[in-house]
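Reading through the structure tokens given below for one structure.
The values are calculated or read from the model by the stated rules, or taken from the named source; none is laboratory data. Keep in mind the model is a prediction, meaning the values are calculated, not measured. Cβ placement follows ideal geometry from the backbone for every residue including glycine, while neighbour counts extend to all protein chains displayed.
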Amino acid sequence: MEIVTGLVLAATAGLNAFLPLVVLVMAERLGRRVGLVAPFDLLASGGGILALLLLLPVEIFADKIPRVDVFNDRLGLVYRPLAGAVAMAAVTRGTPLSVAAAALIGGAVALAVHLLKVFYRRPLAGYQAGAVQPLASFWEDGFAAAAAVFAFVVPVGGVATLALAASLMGWVGIALRRHTPRPAAPQP
């Protein structure tokens, strides 16, 4: 089950990098169900918690401001896969996966979810003058929070939550791309 938990946390990092790490730390500190070992135990230290609690609102609010969210998504190409790698590697210590393999898988999963997010969010920028994007961001944060919590309570519930979110994101992205007029090609 640790691998499923790690995959769910890595996928949620593709939506919001710091939310699954905060949930991971809460699970470690409150329930001791995780058993973080070095170097990942630094996340649950006082300084690690403080850093995550300072970074979480920055990403939450940056993702809700039009144009700032585009810059945040560009930076997210780096920090979201890193967060996914850390989350996956931190919880899969008792599995056959090596730390390096878990980190690579977690980073790839987070990057894939991040790219799916960008795929469906870009057309929203032109829809209703971008007014829908903050709502979409709230929706993503809700799915990410629910999936991250499920990852520790009922990991299969986290997978189901993410499958629903991915299906909705893909459907919205495809529907908006089909119905968004394309600019006319310049005449020679």
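Couple of notes before you dig in:
- Among the residues of segment 161-188, the one identified as surrounded by 13 or more Cβ atoms within 10 Å (Cβ to Cβ), among the hydrophobic types (A, V, I, L, M, F, W, C) and at pLDDT 75 or above is Leu164.
- Cβ separations smaller than 9 Å between residues 6+ apart or across chains give the following pairs from segment 12-28 residues that are of a type in the set (Phe, Trp, Tyr) to residues that are surrounded by 24 or more Cβ atoms within 10 Å (Cβ to Cβ): Phe18/Ala83.
- Matching residues, segment 38-52, being in a loop (DSSP other than H, G, I, E, B) and within 16 Å of Ala85 (Cβ to Cβ): Pro39
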